[in-house]
Amino acid sequence: MPTLNIELLESKLKENFNENILSSDKDADMFTIVVTKESYHDVVRFLKEDAYFNFHYLTTLCGLHYPDSPFPFGLMVQLHNMPENSRIRIKTFTGDNEPTFKTLTDLWPAANWMERETYDFFGFKFTGHPDLRRILNMDSLEGWPMRKEYPLEDPFRKDKDDKMFGR
Amino acid sequence: MMKNQQVTNPTNTALQEKDYTILNLGPTHPATHGIFQNVMKMDGELIVSAEPTIGYIHRAFEKLAERRPFYQITTITDRMNYCSSPINNMGWHMTVEKLAGIEIPKRVQYLRVIIMELARISDHIICNSVIGVDSGAMTGFLYIFQWREFIYEIYEELCGARLTTNIGRIGGLERDFNEKAWEKIHYFLKEFPAGLKEFENLLVRNRIFMDRTIKCGPISAERAMAYSFSGPNLRAAGVDYDVRVMNPYSSYEEFNFTIPIGTNGDTYDRFMVRQREMWESLSIIQQAIDKVNALEDKTSFHGNVPEFFLPPKEEVYNSMEALIWHFKIVMGETTIPKGEVYHCVEGGNGELGFYLVSDGGRTPYRLHFRRPCYIYYQAYPEMVKGSMLSDAILTMSSMNVIAGELDS
């Protein structure tokens, strides 16, 4: 069970990044914070390098898309502090149509392919990334497949009516 | 004369004109066990750099999952790490159960542990015997594979399928273990240790095998953590991280087992960690059977979750309520809470995570799979740099990179 003092973490983050921490949620399955895009890299660096909080392990990273929100594109990062067995989820959202985030490859080499996958599927740019190319899809693919407007099947198919099954 | 003018620094000509060979290892190569391409720059027999290309069997699982009701996603998870599909299936069921707050009876949790540990053994059998094959020892592979076949026969008794199992349902298992399944599990527990011992005798202290695998494709604990390794590969480097202990699920906290770790993170350590884990898995299965037998509850194989668990067929044919529930579940019309949840299980090769965002609709709003293979395979160029080509083959098979999981 997590032993890290979440209250202390919350107040430390508020103290260091004050208005850049947009919200925090202690009741979710893990402690979740939403931060501004500008401070995203600094917050992650702080969580990694702070000797007490020590979130030294990058669990996963993925893109999010909420087309109806004023800030449709988001990035979700999960970190893990193994000695204390605590996990944290950091989310950041942006309203740009061509979202650009600072890369995490300077903190973890593991972020390389995770960010390439996010670029491949959502079209997010990562400044400072050493090798930002498509990774799973073919290079000639047009568009960003995991964005909500991208159709799962050929939209011109007439032989199939799946109104019942569509979202 | 002309040639001399082109060279700006004549003392370095040897370096500049050195011939490197570009070697395409893959995409389909008998020694890569799956569709992996590596463009390797070779200096004679030594690897100067390797550049992996992946995605040859990408099937857009995350996009597909956004259009499928929750129970249909189980079949997607089968096709990720197809050497241990049941662990993926269980991981997915538990993710949905965590989101919906479903209570699972103890008996089902223990039965799930039995299935997951059988799957772990079959996964490790494949990986370890293939390390033997790639180092030239075919015999162990041929002998131990009958046990992997036997585990698949147990799956057949439990769910009817062998490779892509689709085992269990959200809320429990689709049916109880039958007599035949118990018989086979007991037979397996009785006879497999001898087979595993025979396999170990062939390889563990084999001089040729040790020479071949020790110091082959090593990675330090520090680099392994930086590359977000998990599972046996991380443990071989000396970090005792196991999701079963760190974040227990399905009552793993009640079991007694040790986590084997290595020291050098090389091929031999990875082999030995998997080997030890198979023995631990056997003991976990035995403990789970004892726990099942000690329970008063002898029959339950699913929780009380009419919203997710299909009613029995006799009821569907004969009662209106059951028919309605059946219809609602199949059409995905059951209510699921809004929210987001991350659940991870210890898969065959590491922390297999499911990040699920639900908007209360019939399908996930967003589902992200944390696939351990995908994350640690990016360390491969660093691990094989400067080693021989044949060591690169061994390193890849000992990392247990599964194409289905890598490419999702």
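Just a few scattered comments:
- Subset of the range B:258-279 [among the polar types (S, T, N, Q) and over 18 Å from B:Met383 (Cβ atoms)]: B:Thr258, B:Gln275
- Qualifying residue in the range B:309-332 (condition: more than 25 Å from B:Asp176 (Cβ to Cβ), touching a helix residue (DSSP H, G or I) at 6+ places or on another chain (Cβ under 9 Å), modelled with pLDDT under 90 and not hydrophobic (A, V, I, L, M, F, W, C)): yes
- Residue selected from the range B:43-61 under the condition part of a strand (DSSP E or B) and buried (at least 19 other Cβ atoms within 10 Å of the Cβ), by the criterion nearest to the other protein chains (Cβ to nearest Cβ): B:Pro52
- Residue satisfying condition, being facing another protein chain (nearest Cβ under 10 Å), closer than 17 Å to B:Glu97 by Cα and outside any helix (DSSP H, G or I), within set B:Glu333, B:Glu340, B:Glu351: B:Glu340
- From the list B:Ser358, B:Ser319, the one residue that fits, being touching a Pro at 6+ places or on another chain (Cβ under 9 Å), within 14 Å of chain A (Cβ to nearest Cβ) and either of a type in the set (D, E, K, R) or over 30 Å from B:Glu45 (Cα atoms) (or both), is B:Ser358.
- Residues that are over 18 Å from the mean Cα position of the chain (by Cα) and either at the interface with another protein chain (Cβ under 10 Å from one of its Cβ atoms) or not aromatic (Phe, Trp, Tyr) (or both), drawn from the range B:65-77: B:Ala65, B:Glu66, B:Arg67, B:Arg68, B:Pro69, B:Gln72
- Of all the numbered requirements in (1) free of Cβ contacts under 8 Å to residues at least 60 places away in the same chain; (2) buried (at least 16 other Cβ atoms within 10 Å of the Cβ); (3) in a loop (DSSP other than H, G, I, E, B); (4) out of contact with any Pro (no Cβ under 9 Å at 6 or more places or on another chain), B:Leu310 misses one, and that requirement is (1).
- Residue within the range B:382-403 that is in contact (Cβ under 8 Å) with a residue 60 or more places away in the chain and either facing chain A (nearest Cβ under 9 Å) or aromatic (Phe, Trp, Tyr) (or both) present: yes
- Search result, residues across the range B:231-271 that are crowded, with 19+ Cβ neighbours inside 10 Å, in a loop (DSSP other than H, G, I, E, B) and among the β-branched types (Val, Ile, Thr): B:Val239, B:Ile261
- Qualifying residue in the range B:366-385 (condition: aromatic (Phe, Trp, Tyr) and either farther than 27 Å from B:Ala119 by Cβ or at pLDDT below 90 (or both)): no
- Failed criterion for B:Ile47 (all others in (1) at pLDDT below 90; (2) farther than 26 Å from A:Leu64 by Cβ hold): (1)
- Among the conditions (1) crowded, with 20+ Cβ neighbours inside 10 Å; (2) free of Cβ contacts under 8 Å to residues at least 12 places away in the same chain, the only one that A:Ser86 does not satisfy is (2).
- Residues of the range A:1-47 that turn out to be among the basic types (Lys, Arg), within 23 Å of A:Asp106 (Cα to Cα) and touching a strand residue (DSSP E or B) at 6+ places or on another chain (Cβ under 7 Å), as a count: 1
- Identity of the residue in the range A:50-68, at pLDDT 90 or above and not in a strand (DSSP E or B), that ends up nearest to the other protein chains (Cβ to nearest Cβ): A:His56
Residues are listed down the side, and each one gets a yes or a no for (1) surrounded by fewer than 21 Cβ atoms within 10 Å (Cβ to Cβ); (2) in contact with a Lys or Arg (Cβ under 9 Å, 6 or more places away or on another chain); (3) away from every other protein chain (no Cβ under 14 Å):
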{"residue": "B:Lys63", "(1), (2), (3)": "yes, no, no"}
{"residue": "B:Arg79", "(1), (2), (3)": "yes, yes, yes"}
{"residue": "B:Ser84", "(1), (2), (3)": "no, yes, yes"}
{"residue": "B:Glu97", "(1), (2), (3)": "no, no, no"}
{"residue": "B:Pro105", "(1), (2), (3)": "yes, no, yes"}
{"residue": "B:Tyr110", "(1), (2), (3)": "no, yes, yes"}
{"residue": "B:Ile121", "(1), (2), (3)": "no, yes, yes"}
{"residue": "B:Asn128", "(1), (2), (3)": "no, yes, yes"}
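- Scanning the range A:17-43 for residues that are within 14 Å of chain B (Cβ to nearest Cβ) and in contact (Cβ under 8 Å) with a residue 24 or more places away in the chain gives A:Ala28, A:Met30, A:Phe31, A:Thr32, A:Ile33, A:Val34.
- All conditions in (1) in a helix (DSSP H, G or I); (2) closer than 14 Å to B:Leu234 by Cα; (3) not aromatic (Phe, Trp, Tyr) hold for B:Glu346, with the sole exception of (1).
- Check on A:Thr118, closer than 19 Å to B:Glu340 by Cβ, more than 8 Å from every other protein chain (Cβ to nearest Cβ), assigned to a strand (DSSP E or B) and within 12 Å of the chain's Cα centre (by Cα): no
- Residue under evaluation B:Gly171, criteria (1) at pLDDT 90 or above; (2) more than 14 Å from chain A (Cβ to nearest Cβ), criterion not met: (1)
- Note on the range A:75-110: residues that are within 14 Å of the chain's Cα centre (by Cα) and more than 10 Å from every other protein chain (Cβ to nearest Cβ) amount to 15.
The values are calculated or read from the model by the stated rules, or taken from the named source; none is laboratory data. Just so it is clear, the model here is predicted, and its values are computed rather than measured. Here Cβ is always computed from backbone atoms with ideal geometry, including for glycine, and neighbour counts include all displayed protein chains.
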